[in-house]
1. Of the residues ARG270, ARG247, ARG258, ARG264, which single one is crowded, with 18+ Cβ neighbours inside 10 Å, of a type in the set (D, E, K, R), assigned to a helix (DSSP H, G or I) and at pLDDT 95 or above?
2. Any residue in the stretch 141-170 that's β-branched (Val, Ile, Thr): show its pairings with residues that are near the ligand (Cβ under 10 Å from one of its atoms) and assigned to a loop (DSSP other than H, G, I, E, B) at Cβ separation under 8 Å, as long as the two are six or more apart or on different chains.
3. Can you name the number of the only condition in (1) more than 15 Å from the ligand (Cβ to nearest atom); (2) within 14 Å of the chain's Cα centre (by Cα); (3) among the β-branched types (Val, Ile, Thr) that ILE122 fails?
4. I need a count of the residues in the stretch 82-108 that are among the charged types (D, E, K, R) and in a helix (DSSP H, G or I).
5. If a residue must be without any contact (Cβ under 8 Å) to a residue 60 or more places away in the chain and buried (at least 17 other Cβ atoms within 10 Å of the Cβ), how many such residues does the stretch 273-296 contain?
6. Could you list, in sequence order, the residues of the stretch 173-190 that are in contact (Cβ under 8 Å) with a residue 12 or more places away in the chain and either part of a helix (DSSP H, G or I) or more than 11 Å from the ligand (Cβ to nearest atom) (or both)?
7. Within the stretch 197-210, how many residues are more than 9 Å from the ligand (Cβ to nearest atom), crowded, with 21+ Cβ neighbours inside 10 Å and assigned to a loop (DSSP other than H, G, I, E, B)?
8. Out of curiosity, is GLU227 at pLDDT below 95 and over 20 Å from LEU101 (Cα atoms)?
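The values are calculated or read from the model by the stated rules, or taken from the named source; none is laboratory data. Note that the structure is a prediction, hence the values are computed from the model and not measured. Neighbour counts are summed over all protein chains in view; Cβ atoms, including those assigned to glycine, are modelled from backbone coordinates with ideal geometry.
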Amino acid sequence: MKFNLDALIRPGIKALRPYSSARDEYTGKTGIFLDANENSLGSVVDADLNRYPDPYSTALRETLAKLKSIDSDNIFAGNGSDEAISLLMQIFIEPGKEKLLITPPTYGMYQVAAAIQGAGVIEVPLDEGFELNLEGLLDALCPQLKIIFLCSPNNPSANLLSQANIDLLLREFPGIVVIDEAYIDFCEQESWLPKLDRYPNLVILQTLSKAWGLAGARLGFAFASAEIVKLFLKVKAPYNLNVLTQRLALQALNQSARCCAMVRELLDEREKLSSALQKLACVEHVFRSDANFLLVRFKNCARVFTQLKKLGIIVRDRSKLPGCRDCLRITVGSKSENQALLSVLKEI
Ligand SMILES: *Cc1c(COP(=O)(O)O)cnc(C)c1O
């Protein structure tokens, strides 16, 4: 395959002259700042927030770069992975003309962002074992197709996708291949990050929303070639990450030991929950999980869902998705939450 980034970018984005913020022009830390029409006296609350944030989240990206052993030029920091997903479409997909590809059942935001962008969506469903249908994927490649979204471990099926299949796609497809690693911290396999050098068309998504326990803060990352990261920076809102989030994330990234400890506890709970569920009369099958949730096929899924909801236990009904007949997606809870769930299910 011949990968030509320049030819993939939408002409309007290539020609775009991005907004130049006041803080782009002067990056020194000290000085008398009269350039951005901020309030020079301070904030109305006790919070030191009168200055605009660093548009490039430099400190945060440098800290993350050390943690991940990559260069900060290969990192984009966004307002959740969702921002990175939308930006990818804005950069590469011409509305009404060009397309992306997804492999259902998968994360719903790819389709929503596609609809907003006016991107065509090609669907090549996963096979019965929730593995990529390689033949179907290779058949679907066409000139209008710009981005393939893969999610590994996949939401909602919870499994890792085969590395060999993804490697092949990365070699054969001359567009962008996104691997969404939102759940990578919960699985044995290592991230695709070390392969960034080998594949100029690879974009990896990670997030602080899951293992790091910061879903409320909204912080996600895209890892890619420096050229692709430059495009993200060109198209994003000038101040996409606020000061509070940047500060908090710096603190969080220094707590990786805590993150690992929580992951271990959740994995331990996941194994207990999985084996307890398998013994229940109402359960037909518990799928293997490489993530912090379980996909569970029930004998009477609708009844189980309603019963749980009535008792204040909310799970995600995924039964309408391809390959997910009668399936609920259950996040691994704390020990007591899992016990509460199991005791209700025992009565059904
Ligand atoms: C939860 C999740 C995310 C996280 O998105 P954020 O916007 O970073 O919270 C991304 N991808 C998948 C597949 C997810 O399940």
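1. Numbers: ARG247 fails: crowded, with 18+ Cβ neighbours inside 10 Å; ARG258 fails: crowded, with 18+ Cβ neighbours inside 10 Å; ARG264 fails: crowded, with 18+ Cβ neighbours inside 10 Å.
ARG270 is the lone residue from the list that is crowded, with 18+ Cβ neighbours inside 10 Å, of a type in the set (D, E, K, R), assigned to a helix (DSSP H, G or I) and at pLDDT 95 or above.
2. Once the first residue is β-branched (Val, Ile, Thr) and sits in the stretch 141-170, its partners that are near the ligand (Cβ under 10 Å from one of its atoms) and assigned to a loop (DSSP other than H, G, I, E, B) give ILE166/SER152.
3. (2)
4. Taking the stretch 82-108 and keeping what is among the charged types (D, E, K, R), we get 82-83, 94, 97-99.
When the remaining residues are screened for being in a helix (DSSP H, G or I), the result is 82-83.
Here the count works out to 2.
5. So the answer is 3.
6. Keep residues of the stretch 173-190 that are in contact (Cβ under 8 Å) with a residue 12 or more places away in the chain, which gives 173-189.
Within the stretch 173-190, PHE173, PRO174, GLY175, ILE176, VAL177, ILE184, ASP185, PHE186, CYS187, GLU188, GLN189 qualify.
7. First pass over the stretch 197-210, keeping only residues more than 9 Å from the ligand (Cβ to nearest atom): 197-204.
Pick out the ones that are also crowded, with 21+ Cβ neighbours inside 10 Å and you get 201-204.
Checking which are assigned to a loop (DSSP other than H, G, I, E, B) leaves us with 201.
The qualifying residues number 1.
8. Details: at pLDDT below 95: no; over 20 Å from LEU101 (Cα atoms): yes.
So GLU227 fails the test.
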